[in-house]
């Protein structure tokens, strides 16, 4: 069983929900060929793109095409057919452009970030939830009583008793006696010297 070899065939169809044009562009990126050249692989007709693969190789190629959204089929590698009988694999080989196609190295990103499919996040199931009426108590737990504070060390003074001790009187220092006020109308600033302005001589000037 470990010596069994396989052929990988593209059915020519894309997975449900996958755009054919998008799949063609992704195949072109994978094979490093123009989109017009690989478009014939998605015309609804089977095409053998790889033959004589072991299990490891087959799984790697299947995963690459599955990420693109292309449907594949696997058939055991056939022996040489009779001269008067042509196998389906041989017929697919005639229309397959595999001789001019090659796969990118393993690990090469096939899809860009804007081409990746992110499934929508399902909304949480709220069927078992309900809204309480306005004013309804949401919990049945009894209120926990708080212990009364200890007041044994506290006592009340008789009415009229001074609670706060009298404050100490503060000595107010009188201002210095060498200060005095000027009389009303006394100028606060020294008088400014008078400035005399000379009138310029304009006798030599005339208007035209």
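When segment 19-51 is filtered for residues that are in contact with a strand residue (DSSP E or B) (Cβ under 8 Å, 6 or more places away or on another chain), on the phi < 0 side of the Ramachandran plot and not in a helix (DSSP H, G or I), the ones remaining, listed by number, are 43, 45, 46, 47, 48, 49, 50, 51. Restricting the first member to segment 193-204 and to residues that are on the phi > 0 side of the Ramachandran plot and modelled with pLDDT under 80, and the second to residues that are assigned to a loop (DSSP other than H, G, I, E, B) and surrounded by 10 or more Cβ atoms within 10 Å (Cβ to Cβ), no beta-carbon pair is closer than 7 Å while six or more apart or on different chains.
The values are calculated or read from the model by the stated rules, or taken from the named source; none is laboratory data. Just so we're clear, the structure is a prediction, and the values are computed from it rather than from any experiment. Note: ideal-geometry Cβ built from the backbone for every residue, glycine included; neighbour counts use all protein chains shown.
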